[in-house]
Amino acid sequence: MTVTLLRAKLHRIRVTEACLDYVGSLTVDADLMDAADLYPHEKILCADVENGARFETYVIPGPRGSRVCCLNGAAAHQGKIGDRLIVMAFGQFTPEEAAAHAPRVVFLDERNNPAPQPQTSAGTPK
């Protein structure tokens, strides 16, 4: 038996571009993909914080250092420039692996730079 767990997450990456006339996917700065341990062409689930839309696609690397997050193809209908996305990838784990697993989560600031984990006044993540 295996269980499906969150493996990697880009938390609140801001959409910088949208390209309807593209085959599909989400383009993300390759540096941010590395930081979150996302693989090129990996299946992802995206949640748009602004409109509540959830959609599956795959991630492709964009230019390093560009901080790009581009909705491509049909995904361009799911959000707009300036929206914040939660980008998630999942993996299959045995119960033994699951017991020791912790997902890699990268929090991002308004310019898609890695940032410290946000805190509430109680000291817990937002």
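Every read-out reported here was derived from the displayed coordinates using simple, explicitly stated rules and does not represent laboratory data. Quick caveat: nothing in here was measured; it's all calculated off a predicted structure.
Could you pull out every residue, at least 5 positions away or on a different chain, whose amide H is within less than 5 Å of the one on Gly24? Hs are placed 1.01 Å off N in the peptide plane, and Pro or chain starts have none.
Gly73
Over the chain, with a Gaussian network built from C-alpha contacts below 10 Å, which listed residue (Pro114, Pro63, Pro95) shows the highest mean-square fluctuation?
Taking springs between Cα atoms under 10 Å, the residue moving most is Pro95.
Which residue, Glu110, Glu56, Glu97, tops the fluctuation ranking in a GNM of the chain built on C-alpha contacts under 10 Å?
Glu97
From the backbone phi of region 82-93, what are the Karplus-calculated ³J(HN,Hα) couplings (6.51 cos²θ - 1.76 cosθ + 1.60, θ = phi - 60°) in whole Hz, Gly and Pro given as x?
x, 5, 9, 10, 10, 9, 10, 10, 10, x, 9, 10
Please report the equivalent ellipsoid semi-axes of region 17-98, computed as sqrt(5 x eigenvalue) of the Cα gyration tensor, largest first, in whole Å.
Each semi-axis is the square root of five times an eigenvalue, giving 22, 15, 11 Å.
Using Cα-Cα distances under 8 Å and only pairs 6 or more residues apart, what relative contact order does the chain have, in percent?
40 percent
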